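Peer 1: Structure in structure tokens, see below.
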Amino acid sequence: MKNKNIIELSDAVKTYKNGVTALDHVSFTVEPGEFIFVVGESGAGKSTLIKLLTREEKINSGKVALDGYDLTQLPRRLVPFLRRKIGMIFQDFRLIEGKTVFENVAFAMEIIGTKPEMIKRRVPLVLSQVGLRTKMNMYTDELSGGEAQRLGIARAIVNNPSLILADEPTGNLDPVNGEAIMALLECINQEGTTVIACTHDKNLVDRMSKRVLEFSNGKLIRDACHATYSNKSACSDALVSRQAEIEAETAENYDYFGQATGISEENEHIRIPKAIDVEKFILDSHKRRANRREERRTEQKRQIIEQGEVRQESHSNEHYEDFSG
Ligand SMILES: Nc1ncnc2c1ncn2[C@@H]1O[C@H](COP(=O)(O)OP(=O)(O)O)[C@@H](O)[C@H]1O
Ligand SMILES: [Mg+2]
């Protein structure tokens, strides 16, 4: 029977040749479709975790499984097939210099033997999804940091991976571009792709309220749902209301894309919606969030005023009773 977890680590230990134990008896599982932040100080073991999942590194003991395949047992010749399931995103983008935006994405398809007609059709679609359709013929050194990372994402998703691994994807970006990149990853996740993002970006982690795996000195010290970067245990009321907020937001975003996209049957194999205007989507989502905040504030004020009135009324009743008594 096939395991339902896309990732399973069980008592995994990774010690490098220099004696450093980068992962120390780590166990956790990930179900398909989850969005997970991996956080922790520099040197905590985040990148090592990513490298174990791509079989760039092998564990010393324990078990690492991806999509039901035991990576400790996987023959080297099958590693390229494992990697087809994964889309990688790096802090330093790792684009191919001297190639255009189109050629960078096309290359990821060429190396797995995709037919040229298919590449010609699919690359512009994926570039539309990340808002780079009009920059298709530019060279990588002509792109801004945010654009370069959006190209990194296009390349990562072009072969429809079931898992996205992003190692500090916003590390070289300003907060606005960082937010845009995370919003894109969230869209991709909402269409069903599992996303694991290692990050130092405290604000993004807090704002997005996803499952957080925290590492310290190679040990998994926290595994929390809908968590913030550093809160050990958030108040349960806050979790419930944040969850409702996320659900409302997801529905709204879906509506937005529903109007803006219209994916034809021919392109149904592309699972993420076509983001014709990524910036507009992000701005709209900011506006919606601000509106909801304002509504909540007004409602809170109204409740406080009401409670105040009730209290005043009961006070005057007490006076009345005092007199009567
Ligand atoms: N190839 C390597 N050889 C030896 N030690 C390494 C290697 N890669 C990482 N380390 C060590 O393993 C620990 C975890 O590193 P890393 O996984 O890169 O952490 P993070 O990504 O959280 O900063 C660190 O102490 C680092 O110095
Ligand atoms: Mg790292």
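Peer 1: Could you look through the range 1-53, keep only residues that are charged (D, E, K, R), near ligand 1 (Cβ under 8 Å from one of its atoms) and in a loop (DSSP other than H, G, I, E, B), and pick out the one that is surrounded by the fewest Cβ atoms within 10 Å (Cβ to Cβ)?
Peer 2: Top of the filtered list is LYS17.
Peer 1: If a residue must be within 16 Å of ligand 2 (Cβ to nearest atom) and in contact with a helix residue (DSSP H, G or I) (Cβ under 8 Å, 6 or more places away or on another chain), how many such residues does the range 17-42 contain?
Peer 2: 7
Peer 1: Output the residues belonging to the range 136-163 that are out of contact with any Phe, Trp or Tyr (no Cβ under 7 Å at 6 or more places or on another chain), assigned to a loop (DSSP other than H, G, I, E, B) and not hydrophobic (A, V, I, L, M, F, W, C).
Peer 2: Those that are out of contact with any Phe, Trp or Tyr (no Cβ under 7 Å at 6 or more places or on another chain), assigned to a loop (DSSP other than H, G, I, E, B) and not hydrophobic (A, V, I, L, M, F, W, C): SER144, ASN159, ASN160, PRO161, SER162.
Peer 1: As an exercise: evaluate ASN217 against (1) within 16 Å of ligand 1 (Cβ to nearest atom); (2) buried (at least 21 other Cβ atoms within 10 Å of the Cβ) and give the number of the one condition it does not meet.
Peer 2: For ASN217, the exception is condition (2).
Peer 1: Turning to a different aspect of this structure: With the requirement that a residue be assigned to a strand (DSSP E or B) and within 16 Å of ligand 2 (Cβ to nearest atom), what does the range 185-211 give you?
Peer 2: Those that are assigned to a strand (DSSP E or B) and within 16 Å of ligand 2 (Cβ to nearest atom): ILE196, ALA197, CYS198.
Peer 1: VAL158: within 10 Å of the chain's Cα centre (by Cα) and surrounded by 19 or more Cβ atoms within 10 Å (Cβ to Cβ), yes or no?
Peer 2: The answer is no for VAL158.
Peer 1: Tally up the residues in the range 164-184 that are among the aliphatic types (A, V, I, L, M), touching a strand residue (DSSP E or B) at 6+ places or on another chain (Cβ under 9 Å) and either assigned to a loop (DSSP other than H, G, I, E, B) or away from ligand 1 (no atom under 16 Å from the Cβ) (or both), please.
Peer 2: Summing the residues that are among the aliphatic types (A, V, I, L, M), touching a strand residue (DSSP E or B) at 6+ places or on another chain (Cβ under 9 Å) and either assigned to a loop (DSSP other than H, G, I, E, B) or away from ligand 1 (no atom under 16 Å from the Cβ) (or both) in the range 164-184 gives 3.
Peer 1: Pull out all pairs, ordered by first then second residue, where Cβ-Cβ is under 7 Å, the residues are six or more apart or on different chains, the first lies in the range 174-198 and is in contact (Cβ under 8 Å) with a residue 12 or more places away in the chain, and the second is hydroxyl-bearing (Ser, Thr, Tyr) and surrounded by fewer than 21 Cβ atoms within 10 Å (Cβ to Cβ).
Peer 2: ALA183/SER285; GLN190/THR250; THR193/SER162; THR194/SER162; CYS198/SER47
Peer 1: Looking at the range 116-135, which of its residues are among the hydrophobic types (A, V, I, L, M, F, W, C) and either over 25 Å from the mean Cα position of the chain (by Cα) or in a helix (DSSP H, G or I) (or both)?
Peer 2: Answer for the range 116-135, where residues must be among the hydrophobic types (A, V, I, L, M, F, W, C) and either over 25 Å from the mean Cα position of the chain (by Cα) or in a helix (DSSP H, G or I) (or both): MET118, ILE119, VAL123, LEU125, VAL126, LEU127.
Peer 1: Exactly one of (1) within 16 Å of ligand 2 (Cβ to nearest atom); (2) in contact with a Phe, Trp or Tyr (Cβ under 8 Å, 6 or more places away or on another chain); (3) not small (Gly, Ala, Ser) is unmet by LEU53. Its number?
Peer 2: Unmet for LEU53, out of (1) within 16 Å of ligand 2 (Cβ to nearest atom); (2) in contact with a Phe, Trp or Tyr (Cβ under 8 Å, 6 or more places away or on another chain); (3) not small (Gly, Ala, Ser): (2).
Peer 1: Only residues in the range 57-70 that are under 17 Å from THR194 (Cα atoms) count as the first member; pair them with residues that are more than 16 Å from ligand 1 (Cβ to nearest atom) and polar (S, T, N, Q), Cβ under 6 angstrom, at least 6 apart or cross-chain, and list the lot.
Peer 2: Between residues of the range 57-70 that are under 17 Å from THR194 (Cα atoms) and residues that are more than 16 Å from ligand 1 (Cβ to nearest atom) and polar (S, T, N, Q), the close pairs are GLY68/ASN3.
Peer 1: On to the next question. Which one of these is in contact with a Phe, Trp or Tyr (Cβ under 8 Å, 6 or more places away or on another chain) and either within 23 Å of ALA108 (Cα to Cα) or not polar (S, T, N, Q) (or both): LYS46, LYS14, LYS63?
Peer 2: Only one candidate qualifies: LYS46.
Peer 1: If you don't mind, another one. Starting from the range 211-230, take each residue that is modelled with pLDDT of 95 or more and list its partners that are part of a loop (DSSP other than H, G, I, E, B) and charged (D, E, K, R), counting only C-beta distances under 8 angstrom and pairs at least six apart or across chains.
Peer 2: ARG211/GLU34; SER216/GLU41; ARG222/LYS232
The values are calculated or read from the model by the stated rules, or taken from the named source; none is laboratory data. Keep in mind it's a predicted model, so treat the numbers as computed, not measured. Cβ: placed from backbone, ideal geometry, glycine included. Neighbour counts: every protein chain shown.
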